[in-house]
Amino acid sequence: MLLALATHKASRLLTKSSVTSVLRAPFTHFEGPAGHAEVNESPRHGSRHAVGELVTCPFCSGVWIAGALTAAHVLAPRATGLVTTALTAVAVSDWLHLAYDRAKNR
């Protein structure tokens, strides 16, 4: 479960976060805001299209992130455990913030 939540958060950070949009910019076109600190982007055309698809799709990047975290657990279990724990804590925190906002607005 820890790995699944960490993969979810890492893929959202990579593909949707407004903070990481500068990393995606060479491969994407900005389309507009998508909610809480997230943006919608589309892949560029031409030679940058494949990377643009990967960095805008949380489902696509999730496969690669899960593979990398799984391999990292084998190669460096302590450091990877620290990273997955932190990513999981942030993911759960995000969900709690959204639930709090929803409850407050009712």
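The values are calculated or read from the model by the stated rules, or taken from the named source; none is laboratory data. Note that this is a predicted model, so its numbers are computed, not measured. Note that each Cβ is placed from the backbone with ideal geometry, even for glycine, and that neighbours are counted across all protein chains shown. With ligands, DNA and RNA removed, areas are computed over all heavy atoms of the protein, side chains included. Shrake-Rupley method; radii C 1.70, N 1.55, O 1.52, S 1.80 Å.
Overview of results
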| item | result |
| --- | --- |
| Residue in region 68-78 that is surrounded by 12 or more Cβ atoms within 10 Å (Cβ to Cβ), hydroxyl-bearing (Ser, Thr, Tyr) and more than 13 Å from His8 (Cβ to Cβ) present | yes |
| Residues being over 12 Å from the mean Cα position of the chain (by Cα), within 15 Å of Leu3 (Cβ to Cβ), among the aliphatic types (A, V, I, L, M) and not in a loop (DSSP other than H, G, I, E, B) - total across region 42-89 | 11 |
| So Val92, is it open to solvent by 40 Å² or more (accessible area, probe 1.4 Å) and either part of a helix (DSSP H, G or I) or among the polar types (S, T, N, Q) (or both) | yes |
| Of all residues in region 6-24 being open to solvent by less than 30 Å² (accessible area, probe 1.4 Å) and assigned to a helix (DSSP H, G or I), the one that is nearest to Thr88 (Cα to Cα) | Ala6 |
| Per-region count, region 25-54, residues among the aromatic types (Phe, Trp, Tyr) and either within 21 Å of Val90 (Cα to Cα) or surrounded by fewer than 18 Cβ atoms within 10 Å (Cβ to Cβ) (or both) | 1 |
